[in-house]
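In what follows, a structure is listed as structure tokens, so that the remarks can point back to it.
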Amino acid sequence: MRSTPRLPSASLKAGASENEIAALEDTMGVHVSDGVKALWRMRAGTDSMASAVFMLGNWALVGLDSVAAVYRERMLFQRQNEAQGYMTWKTPWIPFCSYTVTDTSYGLCVDGESGTVWGWEETAVVTPRFDSLTDYLEEMADALEAPGLAVGPMPGVARGALLWGEPSDPAVKEEWVPLA
């Protein structure tokens, strides 16, 4: 019988420094909300190991370099499409999660003005997902504290990474242990 593993941190990067966060804000030319800064001070992304996602909904916490790159791409896409009247991205939206560390074609961002967590897709579809980053993180914490009550995929651990739902990769699936 497998024992219930401790919540892993092997797949997470160390926290960002105040200087790193300030440099990111300067690069993007926008203020990052205190909640997102607090998250990044704790952990500044997920390592690129296979299947490492960590965040609720199987999202990878993206590193600060990826945050800047996604922000630039999304703002460029917005400028290219605003003449047609499409809203694809707003200046205060700060990306913090993506499909994987290397695939940032869709993910989650926090609106620095309203606090709403939005989901974005490569096709320019943007939808509200959570009222706030706090709500998102509380739902994640609740699912980790009481996995049996989790709405959606069951949290589990494989290869030192937190994964939401049984992995499709057979090698990772063999090592996956659901949290109980």
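Residues considered: TYR136, TYR99, TYR86. Largest GNM mean-square fluctuation over the chain, using C-alpha springs under 10 Å, is found at TYR86. When the chain is treated as a Gaussian network with alpha carbon springs shorter than 10 Å, the biggest mean-square fluctuation among PRO92, PRO170, PRO155 belongs to PRO170. Solvent-accessible area assigned to carbon and sulfur over the chain amounts to 52 percent, based on a 1.4 Å probe. Rounded to the nearest Å, what's the spacing between the alpha carbon centres of the stretch 97-150 and the stretch 74-88? Just the number, please. The stretch 97-150 and the stretch 74-88 have Cα centres separated by 22 Å. Helical content alone sets the calculated 222 nm signal of the chain at -9500 deg cm²/dmol, taking -39,500 (n - 2.57) per DSSP H segment of four or more residues and averaging over every residue.
Placing ASP169, ASP111, ASP142 in order of accessible area, with the largest value first and a 1.4 Å probe, yields ASP142, ASP169, ASP111. Run the quick spin-label model on GLU82 and ASP169: label points 7 Å from Cα toward the beta carbon, then report their separation in nm to one decimal. The answer from the label model is 3.9 nm. Rounded, prolate or oblate for the chain? Axes are the square roots of the Cα gyration tensor eigenvalues, ordered a ≥ b ≥ c, and the cut-off for rounded is a/c under 1.5. Taking the square roots of the gyration eigenvalues as a ≥ b ≥ c, the chain is prolate. Positive contributions from Lys and Arg (+1) and negative ones from Asp and Glu (-1), summed over other residues with Cβ under 13 Å from the Cβ of ALA68, come out at -3.
To the nearest 10, the accessible area of VAL172 is 0 Å² with a 1.4 Å probe. Between helix 18-28 and the chain there is an angle of about 50 degrees, using the helix long axis and the longest principal axis of the Cα atoms.
Ordering TRP118, PHE54, LEU76 by the projection of their Cα atoms onto the charge dipole of the chain, which places +1 on the Cβ of Lys and Arg and -1 on the Cβ of Asp and Glu, puts PHE54 at the extreme positive end.
How large is the accessible surface per residue of the chain, computed with a 1.4 Å probe and reported in Å² as a whole number? List each step's numbers first, then the result.
Working: 9380 Å² over 180 residues.
Accessible area per residue: 52 Å².
A straight chain from GLU18 to THR123 at 0.36 nm per residue would run longer than the Cα-Cα distance by 34.4 nm.
What's the FRET efficiency of THR91 with GLU145 using the Cβ-Cβ distance as r and R₀ = 35 Å, to the nearest 0.05?
0.45
The values are calculated or read from the model by the stated rules, or taken from the named source; none is laboratory data. Nothing here was measured: the structure is a model prediction, and the numbers come from that model. Every residue, glycine among them, receives a Cβ derived from its backbone with ideal geometry; neighbour counts consider all protein chains shown. When the accessible area is computed, the model is the full protein with side chains, heavy atoms only, and any ligands, DNA or RNA have been set aside. Shrake-Rupley method; radii C 1.70, N 1.55, O 1.52, S 1.80 Å.
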